1. Enter the per residue convex hull volume of the stretch 93-173, computed from alpha-carbon coordinates, in Å³ rounded to the nearest integer.
2. Computed FRET efficiency, Cβ-Cβ of Arg104 and Ser52, R0 45 Å: what is it to the nearest 0.05?
3. If neighbour count is taken as other Cβ atoms inside 10 Å, put Met147, Met155 in order from fewest to most.
4. Would you mind getting me the FRET efficiency between Ser87 and Glu42? Use the beta-carbon distance for r and R0 = 22 Å, nearest 0.05.
5. Within the stretch 140-172, which residues have the backbone N less than 17 Å from the label spot 7 Å out from Leu181 along Cα→beta-carbon, could you tell me?
6. Subtract the Cα-Cα distance of Ser79 and Gln134 from 0.36 nm times their separation in residues, and report this length gain in nm to one decimal.
7. Sort out for me the Cα centre separation of the stretch 125-165 from the stretch 56-112, rounded to whole Å.
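Nothing in this text is a laboratory measurement; each read-out follows from the coordinates by a stated rule. In this text, all values refer to a predicted model and were calculated from it rather than measured experimentally. Heads up, the Cβs are rebuilt from the backbone with ideal geometry, glycines too, and the neighbour counts pull from every protein chain shown.
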Amino acid sequence: MLPIQIMRENIVHYKLKLKRESALKHFSHQRVEELRRQAGGETIELALTAASTGHLVFGTLHTQSAAKTVDRVIEVFPSSEQAQIRSTLADGLRAVVAQVLFKRIDIKGRCCAQEILIATPAVRNLIRENKTYQINSMIQTGKKFGMQLLDDAIMELLQKGKIDPDEAYAKANEKARFRPLLKNPPTDFTEA
């Protein structure tokens, strides 16, 4: 997955080499923040703290889906802290967007397939109760809220003739759904 890069004058980019207190002080003076390369618990904890105090925080992680993004945020912390982190994340999360770029076959350039998770009360409850394995089902039933599975977005691009079936197969989460569309499917198909 590629991170969403947002570049505007009103977004402050933190390298997070600042001390925690100093960074939080800066947060209190800004409307929008982006934390780049959320690799460790300290960075993610800082982002969660800022979000819980009413700040809009954009973060990037390299994951394959919205559900895996939520899991990654939680799993960075020791198991003794994960229940509290789940609760804090559930309260502060607004949306998760996972994206994959494809080379276009119809014109020169690239296009993007996106998985969109909106933090509805039901999604927040799944996060709090450690039932993130049910998030994909929630995305499937949440189309009226603007939610979308990555594979649905990939299939739409494929049906519109914008991307190659082989690349769609390679980047899909549920490979079996795309296998029948391949001209030369792999002979050793072990992915479900």
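1. Roughly 90 Å³ of hull volume per residue.
2. Using R0 = 45 Å, I get an efficiency of 0.65.
3. Ordered by Cβ neighbours within 10 Å, fewest first: Met155, Met147.
4. It comes out at approximately 0.70.
5. 148-172
6. Working it through step by step, the gained length comes to 17.8 nm.
7. 13 Å
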